[in-house]
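The values are calculated or read from the model by the stated rules, or taken from the named source; none is laboratory data. Quick caveat: nothing in here was measured; it's all calculated off a predicted structure. Here Cβ is always computed from backbone atoms with ideal geometry, including for glycine, and neighbour counts include all displayed protein chains.
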Amino acid sequence: MLKKRNQVAPIMIVLFLAISSFAFGQGLRIEQSNCEYRVNPEGIDVISPRLSWVMASDLRGDKQTAFQIIVASNLNALKMNKGDIWDSGKQVSTENNRVYKGQKLLSGKQYYWKVRAWDSKNKVTPWSANAYWSMGLLTKKEWKAVWITDPVLADPNNFSLTPINCYRSLTTENQYQEKWIILDLGTEQAINAVNIIPARSVNQNIDFLSFMYPLRYKIQVSANKNFQNAKTIIDHTSADVLNPREANNIIAFQPVKTRYIRLLVTKLTRWDVNLYGLALGGFNAIYNKKVIEENVTADCSDAIESKQWSKKFLLKKENLITNIPDPIALAVGVKELSDIAPVNKVSRVPTLRREFSLAAKVKRANLFVTARGFYEFHINGKKVSDLYLSPGVTDYNKRITYQTFDVTQMLKPGGNAVGAMLGYGWYAGHMNLFENRNIYGHYPLLMAQLEIELENGKHITIATDKQWKTTLKGSLLWSDLLDGEAIDQRLALTGWDKTNFDDKDWSIAEAKQLDDTKLVGQRNQPVKEIRELKPVAVKKISKGVYVFDFGQEIAGWCRLVVAGKKDTHIRVRHAEILKKNGDIDMSNLWGIPQQEDYILNDDKTQTLTPHFTYHGFRYVQVSGLENEPDPNTITAISMHNNVPEAGEFESSNPLYNKLMETAIWTQRNLMFDMPNGCAARSERLGWTGDLRPCVQSLIYNMDAAAFLEKYAQDMRDDQTPDGRFTDIAPQFHLENTNICVGSPGWADAGVSMPWQVYVNYGDKRILEEHYPAAQRWVDFLSSKNPNFLWENNRGMDWGDWLSTGPATPRVLGSTAFFAHDADQLSKMAGVLGKKADELKYRQLFNQIKKAFMSSFVNQDGSITEAPGKADVQGSYALALYFDLLDEPIRSKAANRLAQMIGESKGHLTTGFWSSIETLLALSENKQHQSAVQVANTETQPSWGYMLKAGGTTYWESFDADRRNLSLNHWTYSSIGEWLWRYIAGLNVDENNPGYKHFTVKPHATSTNDSCKVAYQSINGAIKINWKRSVDKFTIEVTVPPGSTATVYIPSKGSNITESGLPISQSKGLKLVKQENNEAIMNIQSGTYYISTAL
């Protein structure tokens, strides 16, 4: 009897679970509501915001059949179910999102909303929890604030990197003020070229902008000095010219005889905010490659005449241009910091403040604030928010993000004080290599507007203007994104952000009027402190010097709790690796300090943190400690965009778990308003080709819709007029050049990323916004490559970057990306109802595919650059993954790729183009075991080796430890996609986007016999839990309401049960077919417990 009871008990438990799940469980309910992919966002500027909600139900087959949204002007109205702004009424629809269609939304107003739904039996759910959003300032005329900063920083005499020994015009606030330079050759002579010499040194790196080079101009010749009846021989007045990055810029034309030559500049380059001018290293007339020098004179519309700048330099034979030394006015005279190079101390931090009085209690107050750089805003002695590195990074010449805060509770009747500190950030700080800085400007600026509604009915606006005061004399001496910060607490401005502070020695703020740069509400989640780590090991290096190992590379900073005597100097240095002696090794950071310096002002215990920087590190060296460190001495703070994590993954293979954990950490550390290229090294730029292979992995791991939508806008902002996407977005220091523009595998992210966002989140808006840009890109490629092979205009032609063996041939790989672009653009057009475009780009894809086949694919299935050339792994990966092969060639190519993997003992020879594509191509084409071999390899080069060698994030290359490269880089976090799709088995269906339908197809192998995952899709929670034993396979699948799934399981067709019952008796499940030892079934929403004998 006991034996019999033991056999029945498990079945009864399963039956109870099944019955309770679809008979006694909770019905349809709304668990979360979002506006523009965020919870209760403040200050949006979308006039028709997207409202969405996530549902759950324990009942099988449950779904939404209708919904109702109400939007109210106040919370009381919402609680009374009165939608005085919008009441959608009952809308018959299965979609769990809707674009707002109510009254016109007003700037600065807060709107409250909720939603309810009707289920499959027409039963209405309870209302969702009360939610809200607020609007930003929707028009520029509503901004009363101006940009302000410290006058010392705004003085052009204190600008860094200014060329000297060259010509420089007077500056103007009118970008279209004409300026001219005239050459008098003395006599009429033949010329056929001019050299408009940039104001740059001969050996200056191409990363540096040519200073105040004209944006638009024309070259005219004339027989007389007043240029009557002048002839224009070069006309660049209709579009901006590229900024030259070489010492000479020679422009040739047909020979012409003339005495006078005029360079007429019609559009000037920005030097800084509202400041434009012209600078040249010279202006020469040339005939047959020889500069005309004898008896030549030069004149100009205006010039600065000094030892450093003069019009005489226009005719100078020798290039003596150099940059002016960093200004003395920005020097820091703190003796304890004298060992730091002056170039690392020039990012001086301004502190700004203002006081005002309010005559009554505050009913509501909104702060709208932004910066060129970073800001930290205070009201009455307290920080306004817990955000960091705000307002975030954009192309500051195109758009600047602002934040909105409800500060009602921070203000009071009577006196109030507001203030801010400013950091340099991506706007003006050090960026990229070669000590490059001041990319968009030379100093940070603040713009803030406080809109206050008093209970007495009055409305007051407090905005940044000349009523604010400023100083550079605070304790935060300098701040730089790469260099770090220095804080001298002896110089603390105690009470600077409170009323009655004595600021008589402070300066009146320098004010700059708004320009044409767009001001936009925040589109993605902001940067915050997310998690804390404690050291796992400590090593004493010398007296007062300790190295802390946090066991995990993070992006962020350290919080120190220390006590020491007055004048004690604490230094904190951050690194990714260690030397053999256990001290930090900063060699792979390529010269950036990643360093904080603190000088204490008394012997009390103090908490030390920076303000406007972050570092990539696992190891931290702290010097200057007077006492042995204890557990509270140091804490590492992990920071990144506060993007919700969407996925949980656990398998029976510990290596897979570690691979996924490493992918997640890699991605966390690189999310700072754009997908940064490195966490630690100086290239904290958004490299599109680094992100491209990782998009699906990122989406599985995080709710990245808002983050990626914002980045798609960055890509559009920097798209060239002829349609090319850039390899870096924002383009930063390379803006208005052909450097890092339009390269295969990089620029193509401008097509693939928006498509992947649509497929995963089911929202057409990103396609509507992005389609014209993607179309211009594909049309550009098509126009330049009429034979359907991408042979021309390949930008930087990076190829399969950092391959560890024979690399994918460039034309072959580029053509594969060309085809993939056309394929995805055709799909976009189909979704948007553009039938003619859909057919046009489908035909283009087929033409490229045909050209690819005829040029690179042999009858035996081998793929080579040319007959007789050796084949390489990446060629097969791209051809298979981008669907460029048909049967029987496809199977032959897959077999050959698997053979190559076997010959290399599971090692890849690939790089950025084709590494994850190799795994995906193998698993998709019946060669999963070869993909498994690659994923489980732990010798170099491999994913596993990076972990075995001590990596806690993925490296820039499989062999980065040998190349002195970054140890936290996007590309190889792409392994997460393969783990989700082919180990967990979860695959999105692009024909039913947003997980309205998905497939579950696990792959059990000798290296892994179980996997349990949970994924929070846009449509609700998806759960998969499968196990394989010697004679049995079980899987538990949860499908959210309104979705369906197709499940594949290994089975010989007999004895398949669901919740202990034959599947024919299972509610919500239908067996589709049984073939090749595989059962395929469709399931409706709900949770299913499926089991089969093996």
> Tally time: how many residues in the range 731-752 are closer than 28 Å to residue 98 by Cα and surrounded by fewer than 24 Cβ atoms within 10 Å (Cβ to Cβ)?
Replying inline: 1
> Does any residue in the range 809-824 that is within 20 Å of residue 871 (Cα to Cα) come within less than 6 Å, Cβ to Cβ, of a residue that is surrounded by 24 or more Cβ atoms within 10 Å (Cβ to Cβ) and among the polar types (S, T, N, Q) six or more places away or on a different chain, and which pairs are these?
Replying inline: 812/875
>> Name the residue that is surrounded by the fewest Cβ atoms within 10 Å (Cβ to Cβ), counting only residues in the range 945-959 that are in contact (Cβ under 8 Å) with a residue 40 or more places away in the chain and outside any loop (DSSP other than H, G, I, E, B).
In response: 947
>> Residue under question is residue 803, and the condition is that it be polar (S, T, N, Q), under 21 Å from the mean Cα position of the chain (by Cα), within 30 Å of residue 941 (Cβ to Cβ) and buried (at least 21 other Cβ atoms within 10 Å of the Cβ); does it hold?
In response: no
>> Checking the condition within 22 Å of residue 693 (Cα to Cα), touching a strand residue (DSSP E or B) at 6+ places or on another chain (Cβ under 7 Å), free of Cβ contacts under 8 Å to residues at least 40 places away in the same chain and of a type outside the set (A, V, I, L, M, F, W, C), which residue from 987, 991 passes?
In response: 987
> Residue check, residue 668 against (1) basic (Lys, Arg); (2) surrounded by 24 or more Cβ atoms within 10 Å (Cβ to Cβ); (3) touching a helix residue (DSSP H, G or I) at 6+ places or on another chain (Cβ under 7 Å), all met but one. Which one?
Replying inline: (3)
> In the range 1068-1094, what residues are surrounded by fewer than 17 Cβ atoms within 10 Å (Cβ to Cβ) and not in a strand (DSSP E or B)?
Replying inline: 1076, 1077, 1094
> Identify, please: which residue in the range 133-159 is among the hydroxyl-bearing types (Ser, Thr, Tyr) and crowded, with 20+ Cβ neighbours inside 10 Å and is, among those, nearest to residue 61 (Cα to Cα)?
Replying inline: 134
>> If I filter the range 759-774 down to residues being in contact (Cβ under 8 Å) with a residue 60 or more places away in the chain and crowded, with 23+ Cβ neighbours inside 10 Å, which single residue comes out as farthest from residue 812 (Cα to Cα)?
In response: 761
>> Which pairs turn up if I take residues in the range 574-600 that are of a type in the set (Lys, Arg) and look for partners that are modelled with pLDDT of 95 or more with beta carbon separation below 6 Å, at least 6 apart in sequence or on another chain?
In response: 579/585
> Can you tell me which residues in the range 871-911 are within 15 Å of residue 929 (Cα to Cα) and of a type in the set (Asp, Glu)?
Replying inline: 903
> What are the residue pairs meeting all of these: first residue in the range 473-493, first residue within 17 Å of residue 344 (Cα to Cα) and among the polar types (S, T, N, Q), second residue at pLDDT below 95 and outside any strand (DSSP E or B), Cβ atoms under 7 Å, and 6 or more apart or on different chains?
Replying inline: 479/347
> Which fully enclosed strands (runs of 3 or more DSSP E) of the range 507-558 have 2 or more residues being over 23 Å from residue 607 (Cβ atoms), in the same structural domain as residue 581 (by TED's automatic domain parsing) and touching a residue at least 40 places away in the same chain (Cβ under 8 Å)?
Replying inline: 537-542
>> What pairs come out if I take residues in the range 711-738 that are under 20 Å from residue 778 (Cβ atoms) and pair them with residues that are part of a helix (DSSP H, G or I) and of a type in the set (Phe, Trp, Tyr) whose C-beta lies under 8 Å away, six or more apart or interchain?
In response: 719/777; 722/780; 723/777; 723/780; 724/777; 724/780; 725/777; 729/711
>> Whether any residue in the range 257-278 is surrounded by fewer than 16 Cβ atoms within 10 Å (Cβ to Cβ) and out of contact with any Lys or Arg (no Cβ under 7 Å at 6 or more places or on another chain) is what I want to check.
In response: yes
> Any chance the range 775-789 includes a residue that's on the phi > 0 side of the Ramachandran plot, at pLDDT below 95 and buried (at least 16 other Cβ atoms within 10 Å of the Cβ)?
Replying inline: no
>> Quick check on my filter: what residues within the range 574-605 are assigned to a strand (DSSP E or B) and crowded, with 17+ Cβ neighbours inside 10 Å?
In response: 574, 575, 577, 578, 584, 595, 596, 597, 598, 599
> Identify, please: which residue in the range 1036-1067 is more than 27 Å from residue 119 (Cα to Cα) and either touching a Lys or Arg at 6+ places or on another chain (Cβ under 8 Å) or among the hydrophobic types (A, V, I, L, M, F, W, C) (or both) and is, among those, surrounded by the most Cβ atoms within 10 Å (Cβ to Cβ)?
Replying inline: 1049
>> For the range 865-887, which positions are touching a residue at least 24 places away in the same chain (Cβ under 8 Å) and in a loop (DSSP other than H, G, I, E, B)?
In response: 865, 869, 870, 871, 872, 882, 883, 884, 885
> Which residues, counting only those in the range 853-864, are aliphatic (A, V, I, L, M) and part of a helix (DSSP H, G or I)?
Replying inline: 853
> Do we find a residue being loosely packed, with under 14 Cβ neighbours inside 10 Å, over 28 Å from residue 154 (Cβ atoms), in contact with a helix residue (DSSP H, G or I) (Cβ under 8 Å, 6 or more places away or on another chain) and not assigned by TED's automatic domain parsing to the domain that holds residue 75 anywhere in the range 376-385?
Replying inline: yes
> From the list 657, 669, which one is touching a His at 6+ places or on another chain (Cβ under 7 Å) and under 30 Å from residue 582 (Cα atoms)?
Replying inline: 669
>> If I filter the range 823-842 down to residues being buried (at least 24 other Cβ atoms within 10 Å of the Cβ) and of a type in the set (A, V, I, L, M), which single residue comes out as farthest from residue 855 (Cα to Cα)?
In response: 828
>> What's the total number of residues in the range 566-623 that are within 25 Å of the chain's Cα centre (by Cα) and either assigned by TED's automatic domain parsing to the domain that holds residue 350 or farther than 16 Å from residue 548 by Cβ (or both)?
In response: 11
>> Need a quick list: strands (runs of 3 or more DSSP E) entirely within the range 175-290 having at least 2 residues that are over 27 Å from residue 720 (Cα atoms).
In response: 179-197, 216-222, 250-267, 282-287
> How many residues, within the range 133-171, are outside any loop (DSSP other than H, G, I, E, B) and either charged (D, E, K, R) or in contact with a Cys (Cβ under 8 Å, 6 or more places away or on another chain) (or both)?
Replying inline: 6
> Looking at 906, 911, which is the one that is within 30 Å of residue 962 (Cβ to Cβ), under 29 Å from the mean Cα position of the chain (by Cα) and touching a residue at least 24 places away in the same chain (Cβ under 8 Å)?
Replying inline: 911
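Residues checked against (1) closer than 30 Å to residue 989 by Cα; (2) among the charged types (D, E, K, R):
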| residue | (1), (2) |
| --- | --- |
| 739 | no, no |
| 743 | yes, no |
| 757 | yes, no |
| 784 | no, yes |
